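A.B. asks: Quick one: structure below, then a few questions.
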Amino acid sequence: MATAVDFVERVNQIDGVAGCLLVNSDGTLLGKTLDNPEVYSTLLQVTSGLSGEIMSNVGFSYCRYISFNRFNMQNFYVFPIDKFLLGVVQQADCSVSAMLERVYQLIGKVSTSEAGNIS
Amino acid sequence: MIHLIDELKVIPGVIGASIVSFREGLKVANFPSIFKPERLSVVGKHLLKLYSAGRMSFDDLSDLTLNFDESVVVARELEKGMLLFAICDPTFNQNLLTMSLNLLHEEYKLGNFSDVTIPADVTPGVKSVEPSIPIEQKISASLQDLLLAMKEALSKILGPMAGFIFDEAVEEWLELGPPDFVRIEALIELINQEIAETDKVDSYRQLISPVLKDFQKG
């Protein structure tokens, strides 16, 4: 069974990922490869709540990810994974679609049965 | 303003678009009738909050994209408190939409879309927008100071979203009656509903009690 830290490190190895972090739904930081996770952890929680509200209001069924698109191209992505939230910072010069596909593939391969453990 | 979003709707994959003001709600929309104006207004306000939260972390935020299984929501802030969003088919051309948003945003900033036009046949049930008096002009200076102190106290309870939640509560409070201190408990009740958690409601009351007493003393 891989820990959340292992999962974060595997995400971080994907081409195009500049850094990432994983938090619990209560905001607890479980793993990070970013220097300043506090900048992102609150945003992850706020994003999760509001995207859920939007989803229920429009009648959508599942949120794959939310993207904060920046002019410097270092976009920030939020992936809801069950009761966890994965935040990914993109490298400015990368194939975004390939990077997102690989992150999403990795997310699809893990289960989240225990907090802090991703198998 | 309707021209702004009609230009987006011709892009392949764009189901519809809308402009939402935080204070005035839905201004224009060209979605199919299955998208109810009330819902679109709520969605727009949530997107504004999300945009604001993102702006706190990223000074150079351009757009938001929310990728759902069925659709993609793309949002761009036109000015503070005013947001344009489009709902698209997942196969939409994001580069084309982004380029169009950039062009239309430039035109908006030049004032080419400052008029408010809401064709009834396009957005049934959407109220026309009446010119509103800025909140600051409705509220006395002393009460403004009190509200500012209450807003700061709320930030200690709710964190970065406190500003938006407080402004929204004040907006609703003003719609229900005059901005008078005798109605301050009604405002606090609206804020408490947003806080939701009893222990945090109690903490907020403790924080604002001294400023309420000071205000009463004059």
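A.B. asks: Report the normalised scattering of the range B:2-110 as log10 I(q)/I(0) at q = 0.15, 0.22, 0.23 Å⁻¹, calculated by the Debye formula with identical scatterers on the alpha carbons.
C.D. replies: After summing over all Cα pairs, the log10 values are -0.57, -1.32, -1.45.
A.B. asks: Let me ask another. For the Cα atoms of chain B, what angle does the longest principal axis make with the long axis of helix B:198-217, in degrees from 0 to 90, nearest 10?
C.D. replies: 60 degrees
A.B. asks: Right, next: Mind pulling the angle between the C-alpha long axis of helix B:94-109 and the longest principal axis of chain B? Nearest 10 degrees, somewhere in 0 to 90.
C.D. replies: On a 0 to 90 degree scale, this one is about 60.
A.B. asks: Percentage of Cα-Cα pair distances in chain B greater than 22 Å, rounded to whole percent?
C.D. replies: 56 percent
A.B. asks: Taking amide hydrogens as modeled 1.01 Å from N in the peptide plane, which residues meet the under 5 Å criterion relative to B:PHE31, leaving out close sequence neighbours?
C.D. replies: Close amide H contacts, sequence-distant or interchain: B:ALA17.
A.B. asks: Turning to a different aspect of this structure: Where does each of B:ASP63, B:ASP69 land when they are ordered by accessible area, with a 1.4 Å probe and the largest first?
C.D. replies: Descending order: B:ASP69, B:ASP63.
A.B. asks: Separate question: Arranged from highest to lowest average of other beta-carbon atoms within 10 Å per residue, in what order do the peptides A:91-102, A:74-85, B:24-35 appear?
C.D. replies: With the highest mean Cβ count within 10 Å placed first, the list reads A:74-85, B:24-35, A:91-102.
A.B. asks: Okay, which of the range A:26-43 sit inside 11 Å, backbone N to the point 7 Å along the Cα-Cβ direction of B:LYS156?
C.D. replies: Counting backbone N atoms under 11 Å from the label point, the list is empty.
A.B. asks: Averaged over its residues, how many other protein chain Cβ atoms are within 10 Å of peptide B:52-62's Cβ atoms?
C.D. replies: If you average over the peptide's residues, the count of other-chain Cβ atoms is 6.
A.B. asks: Assigning unit charges at the beta carbon (Lys, Arg +1; Asp, Glu -1) and nothing else, what dipole magnitude in debye, to the nearest 20, does chain A show about its Cα centre?
C.D. replies: The dipole magnitude comes to about 200 debye.
A.B. asks: If you take the charge dipole of the protein assembly as shown about its Cα centre, with +1 on Lys and Arg Cβ and -1 on Asp and Glu Cβ, which of B:LEU176, B:LEU190, B:LEU26 is farthest toward its positive end?
C.D. replies: In the protein assembly as shown, that residue is B:LEU190.
A.B. asks: I've got another one for you. I need the phi-derived Karplus couplings for the range A:53-63: 6.51 cos²θ - 1.76 cosθ + 1.60, θ = phi - 60°, integer Hz, Gly and Pro marked x.
C.D. replies: Along the range A:53-63, the couplings run 5, 5, 4, 6, 6, 8, x, 7, 9, 8, 9 Hz.
A.B. asks: Just by accessible area at a 1.4 angstrom probe, what is the order of A:ASP15, B:ASP60, A:ASP35, B:ASP199 from largest to smallest?
C.D. replies: A:ASP35, A:ASP15, B:ASP199, B:ASP60
A.B. asks: Right, another one. I'd like the orientation of helix B:162-176 relative to chain B: the angle between its Cα long axis and the longest Cα principal axis, in ° from 0 to 90, rounded to 10.
C.D. replies: Helix B:162-176 and the main axis of chain B meet at about 80 degrees.
A.B. asks: Convert 37 °C to kelvin, take the viscosity as 0.692 mPa s, use the Kirkwood radius over C-alpha pairs of the protein assembly as shown as Rh, and evaluate the Stokes-Einstein diffusion coefficient in µm²/s, rounded to a whole number.
C.D. replies: Estimated diffusion coefficient is 152 µm²/s.
A.B. asks: List the residues whose amide H sits under 5 Å from the amide H of A:VAL17, counting only those 5 or more places along or on another chain, with H placed 1.01 Å from N in the peptide plane.
C.D. replies: Sorted by chain and number, the residues that satisfy this are A:GLN91.
A.B. asks: Something else about it: Ignoring ligands, DNA and RNA, what percent of the 1.4 Å accessible area of chain B is carbon and sulfur?
C.D. replies: C and S atoms contribute 52 percent here.
A.B. asks: Evaluate peptide A:70-82: per residue, the Cβ atoms of other protein chains within 10 Å of its Cβ; return the mean as an integer.
C.D. replies: If you average over the peptide's residues, the count of other-chain Cβ atoms is 3.
A.B. asks: Related question: Placing +1 at every Lys and Arg Cβ and -1 at every Asp and Glu Cβ, with all other atoms neutral, what dipole size does the protein assembly as shown have around its Cα centre, in debye to the nearest 20?
C.D. replies: In total the dipole reaches around 180 debye.
A.B. asks: Inside 10 Å of the C-beta atoms of A:34-40, what's the mean count of C-beta atoms belonging to other chains?
C.D. replies: 1
A.B. asks: While we're here: Over both sides of the A-B contact, add up the buried accessible area with a 1.4 Å probe and give it to the nearest 100 Å².
C.D. replies: Result for this pair: about 2700 Å² buried.
A.B. asks: Right, something else. Taking the Cα centre of each part, how many Å lie between the range B:80-110 and the range B:151-213?
C.D. replies: 34 Å
A.B. asks: On to the next question. Percent relative contact order of chain A, based on C-alpha pairs within less than 8 angstrom and at least six residues apart?
C.D. replies: Result for chain A is 32 percent.
The values are calculated or read from the model by the stated rules, or taken from the named source; none is laboratory data. Source: prediction; values computed, not measured. Neighbour counts run over all protein chains shown; Cβ positions are idealised from the backbone, glycine included. In case anyone asks, the SASA skips ligands and DNA or RNA and just uses the protein heavy atoms, side chains included. Shrake-Rupley method; radii C 1.70, N 1.55, O 1.52, S 1.80 Å.
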